[in-house]
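Since the structure comes first, as structure tokens, the remarks are kept for the end.
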Amino acid sequence: MATRILYEFISERRMTITDSIERCLKKGKGEEQRAAASLACLLCIQLGSGIESEEVFKTLKPIFKNILADGSANIQARQAVSVATSLGLCTLVAEDDILDVHATMECFENLFTRSYARADGTCPLINPQTSQLHTNALLSWALLLTICTANQLKDILRKHLPKLPRLLESEDVNMRIAAGETIALLFELARDMDAEFEFHDWDELCDKLNALATDCNKHRAKTDKRKQRSVFRDVLKAVEEGDFQSETIRFGTERMTIDSWVRKRTYDAFREFVGSGMNYHLQGNEFIRDVFELGPPMLVDSATMKAMKISRFERHLHNSAAFKARTKARSKFRDKRVDVGEF
């Protein structure tokens, strides 16, 4: 389902597949429940937005919410590529009532707000598995922000924007990054509604983001610091200047530009489930093409595709030239003396 379009095959068997997912979610163990949650999401992506996916989601939504609300449930089922992540994307695809969308967002809020710093500034002690669950809940909540009404967004900005910066103090690098990207998304949505939008604690927030963008704490892993600095440089630009670092996605003969935090959060959510099949779905999945406003799938005959492909030798020459140019451009940064300024 991640790498092929199987609408006809699935449409005829959707109730059988739904029954299997329901049984695994209710009676399976951690790994089975996680697999079932992922399958539910892929099923909705294949069926698209309509009656069929609504019927599937109507059956599975109460089970998802029960697992998330049940503190005694297997933590493996509740975190990783989990029920929270699946519930968020299935809601985006199949939910037909904006009030139900808001109710699901409140379900996510009940989870990630437990990671907020306390009033005295101390952070709650949370184990890595629970922190991952809270991170997934926050990212799913952020995904649903992209389809909220203006009135709902105003309430959310008033309620959560002053508190979300507290998550930037988390010990979990993934939570810090998720919080930063969500803050950038909220600022983008707020400025779309009101170009003159102002945040009361703007200076303090920018100081926090700048500290994370230049973090050199020795007790943190190098890979975590590198990843964090890269993300928070973009987040800081978004908050200070309303800027976004655009990215171009190429697939087949087409290309798509990721030019906003809304588009990035949506793209990342779909890619988490279809993985390497994302380009294939961008080419042929009518629902995903509609989400990203790509129009109907393009029909390109095999002769045209063959003419557009370059030979293996030409591709080798191109890659070799690109590698040499890249090596030359980066050579000056490989001198250790250049890095002295960072310390």
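The values are calculated or read from the model by the stated rules, or taken from the named source; none is laboratory data. Quantities reported herein were computed from a predicted structural model and do not represent experimental measurements. Positions of Cβ are backbone-derived with ideal geometry, glycine not excepted, and every protein chain shown enters the neighbour counts. When the accessible area is computed, the model is the full protein with side chains, heavy atoms only, and any ligands, DNA or RNA have been set aside. Shrake-Rupley method; radii C 1.70, N 1.55, O 1.52, S 1.80 Å.
Scanning the stretch 162-194 for residues that are assigned to a loop (DSSP other than H, G, I, E, B) and farther than 19 Å from Thr146 by Cβ yields Pro162, Lys163, Ser170, Glu171, Asp172. Total residues in the stretch 201-216 satisfying the condition of being aromatic (Phe, Trp, Tyr) and buried (at least 18 other Cβ atoms within 10 Å of the Cβ): the figure is 0. Taking the conditions exactly as written (open to solvent by less than 50 Å² (accessible area, probe 1.4 Å) and either not in a loop (DSSP other than H, G, I, E, B) or not charged (D, E, K, R) (or both)), does Ile21 satisfy them or not? Yes; evaluated as a whole, the condition is true for this residue. Restricting attention to the stretch 225-239, does a residue exist that is at pLDDT 90 or above and under 24 Å from Thr130 (Cα atoms)? Scanning the stretch 225-239, I find at least one residue that is at pLDDT 90 or above and under 24 Å from Thr130 (Cα atoms), so the answer is yes.
Among residues of the stretch 42-57 being open to solvent by less than 30 Å² (accessible area, probe 1.4 Å) and not in a helix (DSSP H, G or I), the one that is modelled with the lowest pLDDT is Gly50. Can you name the residue in the stretch 127-159 that is of a type outside the set (A, V, I, L, M), outside any helix (DSSP H, G or I) and open to solvent by 40 Å² or more (accessible area, probe 1.4 Å) and is also nearest to Asp70 (Cα to Cα) among such residues? Out of the qualifying residues, it is Asn127. Looking across Leu60, Leu39, Leu68, one residue alone is modelled with pLDDT of 90 or more, within 22 Å of the chain's Cα centre (by Cα), open to solvent by less than 50 Å² (accessible area, probe 1.4 Å) and of a type in the set (A, V, I, L, M, F, W, C). It is Leu60. One residue alone among Glu95, Glu31 is charged (D, E, K, R), under 23 Å from the mean Cα position of the chain (by Cα) and crowded, with 18+ Cβ neighbours inside 10 Å, and that residue is Glu95.
Take Arg220 and tell me if it is charged (D, E, K, R), open to solvent by 40 Å² or more (accessible area, probe 1.4 Å) and modelled with pLDDT under 90. Here the answer is yes, as Arg220 does meet what is asked. Residues in the stretch 103-126 that are under 20 Å from Pro162 (Cβ atoms) and either open to solvent by 40 Å² or more (accessible area, probe 1.4 Å) or polar (S, T, N, Q) (or both): Glu106, Asn110, Thr113, Arg114, Ser115, Arg118, Ala119, Asp120, Gly121, Thr122, Cys123.
On inspection, Val235 fails the criterion of being within 30 Å of Ala35 (Cβ to Cβ) and touching a residue at least 40 places away in the same chain (Cβ under 8 Å).
Residue-level check: of (1) open to solvent by less than 70 Å² (accessible area, probe 1.4 Å); (2) closer than 16 Å to Ala94 by Cβ, Met15 misses just (1). Within the stretch 269-299, being among the charged types (D, E, K, R) and either over 18 Å from the mean Cα position of the chain (by Cα) or open to solvent by 30 Å² or more (accessible area, probe 1.4 Å) (or both) holds for Arg271, Glu272, Glu286, Asp290, Glu293. For the stretch 168-179, the condition of being at pLDDT 95 or above and in contact with a Pro (Cβ under 8 Å, 6 or more places away or on another chain) holds for at least one residue.
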